[in-house]
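**Q** Okay, here's the structure, questions in a sec.
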Amino acid sequence: MLDKLAGVEARYEEIERLLADPAVMADYERVAALAKERSEIHDIVTTFRDYRKKLADLEGAKELAYSHDEEIAEMAKLEVDTLTEETEALHEQLKTMLLPKDPRDGKDVIMEIRAGTGGDEAGLFAGDLLRMYLRYAEMKKWKTEIISLHETGGGVIKSVTLMIKGDNVFSRLKYESGVHRVQRVPATESQGRIHTSTATVAVLAEIDEVEVNLDMNDVRVDVFRSQGAGGQSVNTTDSAVRMTHIPTGIVVEVQDERKQLQNRIRAKQVLIARLYEMEMEKRRAEHESERRSQIGGAERSEKIRTYNYPQGRVTDHRIGYSSYNLPAVMDGYIDDFIDQLATQAQAEQLAAGVVDDD
């Protein structure tokens, strides 16, 4: 680990020298790339330098602990205890900082929310989730844009696709993918019985076209008129676009923009993101299958989170964490869940020995 940290520090110092070079400063694109790289490793280098200083201070305190002056030795022993604790904490922090980053973490997001089991109640819940994520994005100062919406009226959403743009959007929202379950009494339930409904959330990183080999000869493109709530036409021109990727059967519909060209661009973006995610999921499945064959393990439940309205409770089943402030969660306050999921992901990487201690 220390060799790797030394290498990161050496690269940081090299970037500093390059950014002081007038010839480099004349190249705007290179300067921007170097500044971005420096920013990404700045905290690691600062922490490493602090860690190295603490180690030196610790060695000095250990030497003083054997002093013939009893008062100095006693003070040094106390300093050794403090510095040992601080050094170990920095060591663990550096291990976490060196964990491999998901290359998609800095990407913008295409989020898809679909009503699952539960009829109209599932569609209403899908609408609630949409509002929750829009509120969360607003708090993060991210930009959102709904690019496809299928609803049947009365707030019942069959499916919705939205773009979310901002700093490190995927790194936060990637933990939201999965089946969300709601338990509550529907407004139409005269007997007061609690119903269970579901909605699925898919979080796709917006991928550059160069990262996916998409042959448009494999894509069938259909155009049609945009449909509003209840199926009525809301556009007199064939501006909505449906793209079908024939080899995989993936279908994408976009009907938000009035111009067909803009909808084609959006549909292609979503299709590329889905194809990329399909390949990533295939790799994850192969890795997980290999891992289970080596160490065994039970399958996780399909649902990732339950929103229990009678109890005012939201439980994330992956980490066993519950919040008893359901109204706040539905209003977009989901950072507690995301923070704990990110911490667990880091712990699993560390337990797998991704970063060596030495």
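**Q** Pull out a ≥ b ≥ c, the square roots of the eigenvalues of the alpha-carbon gyration tensor of region 130-199, then state rounded if a/c is under 1.5, prolate if not and a/b is larger than b/c, and oblate in the remaining case. Let's see the in-between values first.
**A** Details: a/c = 2.61, a/b = 1.89, b/c = 1.38.
Taking the square roots of the gyration eigenvalues as a ≥ b ≥ c, region 130-199 is prolate.
**Q** While we're on this one: Please turn the phi angles of region 144-149 into ³J(HN,Hα) values with the Karplus equation 6.51 cos²θ - 1.76 cosθ + 1.60 (θ = phi - 60°), one per residue in order, whole Hz, x for glycine and proline.
**A** Per residue, the Karplus-derived 3J(HN,Hα) values read 10, 8, 7, 10, 7, 9 Hz.
**Q** Still on this structure: In terms of modelled amide H atoms, which long-range or inter-chain residues lie less than 5 Å from the amide H of Asn325?
**A** Residues meeting the criterion, in which the H sits 1.01 Å from N, are Val314.
**Q** Okay, moving on. How big is the charge dipole of the chain about its Cα centre, in debye rounded to the nearest 20, if each Lys and Arg gets +1 on its Cβ and each Asp and Glu gets -1 on its Cβ?
**A** 2360 debye
**Q** When the Karplus curve 6.51 cos²θ - 1.76 cosθ + 1.60 is applied with θ = phi - 60°, which whole-Hz ³J(HN,Hα) does each residue of region 48-60 get, with x for Gly and Pro?
**A** 5, 5, 5, 4, 5, 5, 5, 4, 5, 4, 5, 4, x
**Q** Given a Förster distance of 22 angstrom, what is the FRET efficiency for Thr196 paired with Thr152, based on the Cβ-Cβ distance and rounded to 0.05?
**A** On the way: r = 20 Å, r/R0 = 0.93.
Efficiency, from the Cβ-Cβ distance: 0.60.
**Q** Which of the lysines could be linked to Lys259 by a straight reach, that is with a Cα gap under 28 Å, when you skip same-chain ones fewer than 8 residues away?
**A** Reachable lysines: Lys107, Lys141, Lys143, Lys158, Lys165, Lys268.
**Q** By per-residue mean of other Cβ atoms within 10 Å, what is the highest-first order of 216-222, 137-143, 105-111?
**A** Ranked from most to least packed, the peptides come out as 105-111, 137-143, 216-222.
**Q** Let me ask something additional. What is the spin-label model distance, in nm, from Gln311 to Met216 if the labels are put 7 Å beyond Cα along the C-beta direction?
**A** Inter-label distance under the simple model: 5.2 nm.
**Q** Using amide H atoms built 1.01 Å from N in the peptide plane, name the residues 5+ places from Val185, or on other chains, whose amide H lies under 5 Å from its own.
**A** His195
**Q** Oh, and also: Taking 0.36 nm per residue of sequence separation and subtracting the Cα-Cα distance, how much length would be gained by fully extending the chain between Val223 and Arg52, in nm to one decimal? Provide the component values of the computation, followed by the final result.
**A** Numbers: separation 171, 0.36 × 171 = 61.56 nm, distance 6.25 nm.
Using 0.36 nm per residue and subtracting the Cα-Cα distance, I get 55.3 nm.
**Q** What is the set of long-range amide H partners of Lys107 at a cut-off below 5 Å, with H atoms built 1.01 Å from backbone N?
**A** Those lying under 5 Å, H to H, from Lys107 are Phe170, Ser171.
**Q** With viscosity set to 0.692 mPa s and temperature to 37 °C, compute the Stokes-Einstein D of region 2-97, Rh being the Kirkwood radius across alpha carbon pairs; µm²/s, no decimals.
**A** Numbers: Rh = 15.6 Å.
For these conditions, the coefficient is 210 µm²/s.
**Q** So what's the chain giving for Rg/Rh, alpha carbon basis, Kirkwood Rh from the mean inverse pair distance?
**A** On the way: Rg = 26.2 Å, Rh = 24.4 Å.
In the chain, Rg relative to Rh is 1.07.
**Q** Still on this structure: Give me the lysines in straight-line cross-link reach of Lys53: C-alpha distance below 19 Å, same-chain residues under 8 apart excluded.
**A** Lys4, Lys62, Lys77, Lys95
**Q** Could you order the peptides 16-25, 303-312 from most to least packed, using the average number of other C-beta atoms within 10 Å per residue? Walk me through the numbers before you get to the answer.
**A** Details: 16-25: 10.9, 303-312: 17.4.
Result, highest mean first: 303-312, 16-25.
Each reported figure results from applying straightforward, stated rules to the coordinates on display, with no laboratory input. Small disclaimer: the values here were computed from a predicted structure and weren't measured. Here the Cβ is made from the backbone with ideal geometry for all residues, glycine too, and neighbour counts use every protein chain on show.
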